[in-house]
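Trainee: Below is a structure I'd like to ask you about.
The values are calculated or read from the model by the stated rules, or taken from the named source; none is laboratory data. Keep in mind the model is a prediction, meaning the values are calculated, not measured. Here the Cβ is made from the backbone with ideal geometry for all residues, glycine too, and neighbour counts use every protein chain on show. The accessibility values were calculated without ligands, DNA or RNA, using every heavy atom of the protein model including side chains. Shrake-Rupley method; radii C 1.70, N 1.55, O 1.52, S 1.80 Å.
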Amino acid sequence: NAEDGEKVFKKCKACHSIIDAEGEVVVKGGKIAPNLYGLYTRVAGSQADFTKYGDSLIETGTNGLEWNEADFVNYVADSRKFLRTYLDDKKAKSKMSLKLKKEQDAKDVWAFIVANGPAIEAEAEAEATEETTTTD
């Protein structure tokens, strides 16, 4: 539920913002962590204008991790545990300190992030085009 996710995201915005590709602020937040706009299917640790990723997170992206709901939910529950499991490396570290222990909170935050990203905008445009085409 994206609406519930907006409430939980208040915890996230101490570090994260959501800023679209044109630089418009969707959700104002901190700048010490990556922008979450377009997170859905983004390769982990790959946002071009963010340079402070931890080595372990970059390695997950190198190993093929593209963000999806299941991995996001597991990551935000305990990022260090997720990285250690994903990389099979007991020394993997995370820079993210927040933990969303409640699975529903994490799913709601994911829904909120995706609802405020480009994939949803593109789907809405496609649906609007379909409606126009079918009604003409």
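Trainee: Using 0.36 nm times the number of residues separating Asp89 and Lys31, minus their current alpha carbon distance, what extension gain do you get?
Mentor: Once the chain is fully extended between Asp89 and Lys31, it gains 18.0 nm.
Trainee: Given a cut-off of under 8 Å on Cα pairs at least six residues apart, what relative contact order in percent is computed for the chain?
Mentor: Rounded, it is 30 percent for the chain.
Trainee: Could you size up the charge dipole of the chain around its Cα centre, putting +1 on the beta carbon of Lys and Arg and -1 on that of Asp and Glu, and report it in debye to the nearest 20?
Mentor: Taking the Cα centre of the chain as origin, the dipole is about 1540 debye.
Trainee: With each pseudo-label sitting 7 Å past Cα toward Cβ, what's the Asn74-Ala2 distance in nm, one decimal?
Mentor: Inter-label distance under the simple model: 2.6 nm.
Trainee: What are the ³J(HN,Hα) couplings of segment 10-21, residue after residue, when phi is run through the Karplus curve with 6.51, -1.76, 1.60 and θ = phi - 60°? Round to Hz, x for glycine and proline.
Mentor: 4, 5, 6, 6, 5, 10, 10, 10, 10, 10, 6, 4
Trainee: Sticking with the crude label model, points 7 Å out along Cα→Cβ, report the distance from Lys101 to Ile58 in nm, one decimal please.
Mentor: Taking the two extended label points, one gets 3.3 nm.
Trainee: I would also like to ask the following. Taking amide hydrogens as modeled 1.01 Å from N in the peptide plane, which residues meet the under 5 Å criterion relative to Gly54, leaving out close sequence neighbours?
Mentor: Those qualifying (amide H under 5 Å, at least 5 residues apart or on another chain) are Lys95.
Trainee: Output the 0 to 90 degree angle, nearest 10, between the alpha-carbon long axis of helix 118-135 and the longest principal axis computed from the alpha carbons of the chain.
Mentor: Relative to the chain, helix 118-135 is tipped by roughly 20 degrees.
Trainee: Let me ask something else. For segment 41-96, what is the charge dipole size about the Cα centre, in debye to the nearest 20, if Lys and Arg each add +1 at the Cβ and Asp and Glu each add -1 at the Cβ?
Mentor: Magnitude of the dipole: close to 320 debye.
Trainee: Something else about it: Please work out whether segment 28-108 counts as rounded, prolate or oblate from its C-alpha gyration tensor, where a ≥ b ≥ c are the square roots of the eigenvalues and a/c under 1.5 means rounded, while otherwise a/b larger than b/c means prolate and anything else oblate?
Mentor: rounded
Trainee: Express in % the proportion of alpha carbon pairs of the chain at distances exceeding 26 Å.
Mentor: 24 percent
Trainee: Beyond 21 Å between alpha-carbons counts as too far, so tell me which of Lys31/Lys102; Lys28/Lys102; Lys10/Lys93; Lys7/Lys99 fall in that bin.
Mentor: In this structure, Lys31/Lys102; Lys28/Lys102; Lys10/Lys93 exceed 21 Å between Cα atoms.
Trainee: For the chain, what is the accessible area per residue in Å² when the probe is 1.4 Å?
Mentor: Heavy-atom accessible area per residue stands at 63 Å².
Trainee: Name the residue from Val114, Ser56, Leu36 whose Cα lies farthest towards the positive end of the charge dipole of the chain, charges +1 on Cβ of Lys and Arg and -1 on Cβ of Asp and Glu.
Mentor: Looking along the dipole axis, the top candidate is Ser56.
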